[in-house]
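The values are calculated or read from the model by the stated rules, or taken from the named source; none is laboratory data. Treat the numbers as computed from the prediction; the structure is a model and nothing was measured. FYI the Cβ positions are ideal-geometry reconstructions off the backbone, even for glycines, and counts take in every protein chain you see.
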């Protein structure tokens, strides 16, 4: 029985049991006393409530940062990271082919990665999901099991030890305090898409428990793009005393994906649904299993808190592409963090100090790809990664409304390749990297609900093994790379005023040794260090209640017409490069706009259109010979959302059935050989619906 079918059966059985058990439950008055609503403040020491986290970010972060409420994206299809992060300010995310794996970038981080992310610190409840070399898998996250998502752009991730250009994305889990005692959700839609989740959260004495099982299947818009996954997420929190809590996390992921590959411009225009013939012939796939155990012990007395996080992850990757990549990874790590509120020079002062450590060991074997099966053994390696990071941040409140923030991190990293001698070759190598990343910031609370900020920072990013080894190398060896560093200035504002909420940041970053695929003769996929490059841009979100009390007259429970908008301006280019001059970097659209206009009724009903617009073409190669065209997508959403009982939605996407490529591969020159296969078509017209039941 397939995972999806099993989960459907399990969810239906649970729903039937819940209904048949109803006559024997306690009287309604007693039941209402123990129901936990979505608005209740979480009493957990390890997992702050949504309201508490929003207040903390507004008071402590002198730069781009925000929170995504999971209940917002659950009003439509919630299958991929794009579904969850589409309206997060500053985040650019585009699926490769309707898949979970996407191009995920903040401020041009990992600009040439359309797979296996880099340049962002991905976390679950503050515990890293990245492997020790810095790479991460989008499939390791289940958006439906999150309560909310924190997004820290750039150096604003320092409080979690983040040192990369992109910052950090932190998925905050549901707990027994915040989740429904019984919840199930079903989604169906175009391309034979099916998705189901069943979850439960409850509190028993000093212990709370949350567990979620989800399964999904889709044939995909394109040929040879079938995807299937099974995910289990659970956590158990125990109050050991009034000031001490322990929370244990379990994650299991089984993900299988066919890879339809990229197309030439001619293939894309003739039939965007077709798969790359080479990919089909090689039965190219990315299948992997992940087991992750984590534990977080937190002590807090109000003014001081100390948290110790530990994790271990086991990952088994079976990846037939140009070769069959067979990897078995074990990663371990810890983070020890102190937060304290004190007085300095008679002023309020908040201090964060932390120490993080990660170690990863991967057995990496390469085989000839014989129609997706293992052929002759080509390489046998063991890679090891280690990161040690000390970080500190201090916020001195100069007045009741103005504070000064200073911080820094010191990072040591090494990357080892140990080759088990094969064919008389031995490419064993070791590289070490040191980094120092200071930060200064000012935060001014103009009103209790609005802030203006400025910060200057330095980022540091050592290469992952994805950069240190050439993609097409038959016998992997380490490339001599320097770490990527950047100096970034940022100014902006965020807040609320009457019917408007906004988040605006402008940043300018000078990058040294940016890791780019520049097309080295003999190996067009080799990553090298560029000279100086510039990343600048605007991140702007604006939400407005355009109209209230269209059909109601209440002062609080009113209906309204809400406009949500997310705008990005990206200007990433070389800086007086001897070869490339001031040429723009390929792979990212210069302008991106996402908007949604919804009518919302206090009873829970909502409906309205949405749009996604990339208004300018962008190059897919450094030579600027091949471009992805502008596009505009129109969608429509209708549904009903309630805290308890039955909710549903119906959603239409790409109503005009536009052919478009929201992201591309990146090459040096798309007119040379097979390098012209760079286009990754987006989904055509699609319809989805879902129903959710909470008891």
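Does residue 279 qualify as being at pLDDT below 95, on the phi > 0 side of the Ramachandran plot and not in a strand (DSSP E or B)?
no
In a loop (DSSP other than H, G, I, E, B) and either within 16 Å of residue 94 (Cβ to Cβ) or at pLDDT 95 or above (or both): does that describe residue 589? Reasoning before the result, please.
Details: in a loop (DSSP other than H, G, I, E, B): yes; either within 16 Å of residue 94 (Cβ to Cβ) or at pLDDT 95 or above (or both): yes.
So residue 589 passes the test.
I need the full set of residues from the stretch 424-450 which are assigned to a loop (DSSP other than H, G, I, E, B), touching a strand residue (DSSP E or B) at 6+ places or on another chain (Cβ under 9 Å) and closer than 20 Å to residue 382 by Cα, in order please.
Result: 426, 427, 428.
Counting only residues that are free of Cβ contacts under 8 Å to residues at least 24 places away in the same chain and in a strand (DSSP E or B), which one in the stretch 370-412 is nearest to the chain's Cα centre (by Cα)?
370
Take the conditions at pLDDT 85 or above, more than 28 Å from residue 612 (Cβ to Cβ) and touching a helix residue (DSSP H, G or I) at 6+ places or on another chain (Cβ under 6 Å) and apply them to residue 464. Does it pass?
No.
Just checking, does the stretch 78-95 include any residue being buried (at least 23 other Cβ atoms within 10 Å of the Cβ), more than 14 Å from the chain's Cα centre (by Cα), in contact (Cβ under 8 Å) with a residue 24 or more places away in the chain and outside any strand (DSSP E or B)?
Looking for residues that are buried (at least 23 other Cβ atoms within 10 Å of the Cβ), more than 14 Å from the chain's Cα centre (by Cα), in contact (Cβ under 8 Å) with a residue 24 or more places away in the chain and outside any strand (DSSP E or B), one finds none in the stretch 78-95, hence no.
Would you call residue 90 out of contact with any helix residue (DSSP H, G or I) (no Cβ under 8 Å at 6 or more places or on another chain) and at pLDDT 90 or above?
Spelling it out, residue 90 is indeed out of contact with any helix residue (DSSP H, G or I) (no Cβ under 8 Å at 6 or more places or on another chain) and at pLDDT 90 or above.
If I ask for residues that are assigned to a strand (DSSP E or B), touching a residue at least 40 places away in the same chain (Cβ under 8 Å) and buried (at least 17 other Cβ atoms within 10 Å of the Cβ), which ones from the stretch 249-266 would you list?
Correct list: 249, 251, 253, 254, 255, 257, 263.
Looking at the stretch 592-609, which of its residues are assigned to a loop (DSSP other than H, G, I, E, B) and either free of Cβ contacts under 8 Å to residues at least 40 places away in the same chain or over 18 Å from residue 72 (Cα atoms) (or both)?
Passing the criteria: only 603.
Go through the stretch 655-675 residue by residue and tally those that are in contact with a strand residue (DSSP E or B) (Cβ under 8 Å, 6 or more places away or on another chain) and in a helix (DSSP H, G or I).
1
Taking the condition in contact with a strand residue (DSSP E or B) (Cβ under 8 Å, 6 or more places away or on another chain), farther than 30 Å from residue 297 by Cα and surrounded by 15 or more Cβ atoms within 10 Å (Cβ to Cβ), does residue 244 pass? Lay out the reasoning, then the answer.
Values: in contact with a strand residue (DSSP E or B) (Cβ under 8 Å, 6 or more places away or on another chain): yes; farther than 30 Å from residue 297 by Cα: no; surrounded by 15 or more Cβ atoms within 10 Å (Cβ to Cβ): yes.
No: the conditions fail for residue 244.
If we scan the stretch 215-225, do we find a residue that is in contact with a strand residue (DSSP E or B) (Cβ under 9 Å, 6 or more places away or on another chain), closer than 30 Å to residue 44 by Cα and either modelled with pLDDT of 95 or more or in a strand (DSSP E or B) (or both)?
yes
So for the stretch 574-584 (the condition being outside any strand (DSSP E or B) and in contact with a helix residue (DSSP H, G or I) (Cβ under 8 Å, 6 or more places away or on another chain)), does at least one residue qualify?
no
Is it true that some residue in the stretch 141-154 is in contact with a helix residue (DSSP H, G or I) (Cβ under 6 Å, 6 or more places away or on another chain), modelled with pLDDT under 95 and outside any loop (DSSP other than H, G, I, E, B)?
Checked the stretch 141-154: at least one residue is in contact with a helix residue (DSSP H, G or I) (Cβ under 6 Å, 6 or more places away or on another chain), modelled with pLDDT under 95 and outside any loop (DSSP other than H, G, I, E, B).
Please verify whether residue 134 is farther than 19 Å from residue 68 by Cα and surrounded by 24 or more Cβ atoms within 10 Å (Cβ to Cβ), treating the condition exactly as stated.
yes
Considering each of 678, 611 in turn, give the residue that is within 24 Å of the chain's Cα centre (by Cα), surrounded by fewer than 17 Cβ atoms within 10 Å (Cβ to Cβ) and either at pLDDT 95 or above or closer than 21 Å to residue 583 by Cα (or both). Lay out the reasoning, then the answer.
On the way: 678 fails: surrounded by fewer than 17 Cβ atoms within 10 Å (Cβ to Cβ).
Exactly one of 678, 611 is within 24 Å of the chain's Cα centre (by Cα), surrounded by fewer than 17 Cβ atoms within 10 Å (Cβ to Cβ) and either at pLDDT 95 or above or closer than 21 Å to residue 583 by Cα (or both), namely 611.
Here is a list of conditions, (1) under 20 Å from residue 86 (Cα atoms); (2) buried (at least 16 other Cβ atoms within 10 Å of the Cβ), and residue 636 meets all of them except one; can you say which number that is?
That leaves (2) as the condition not met.
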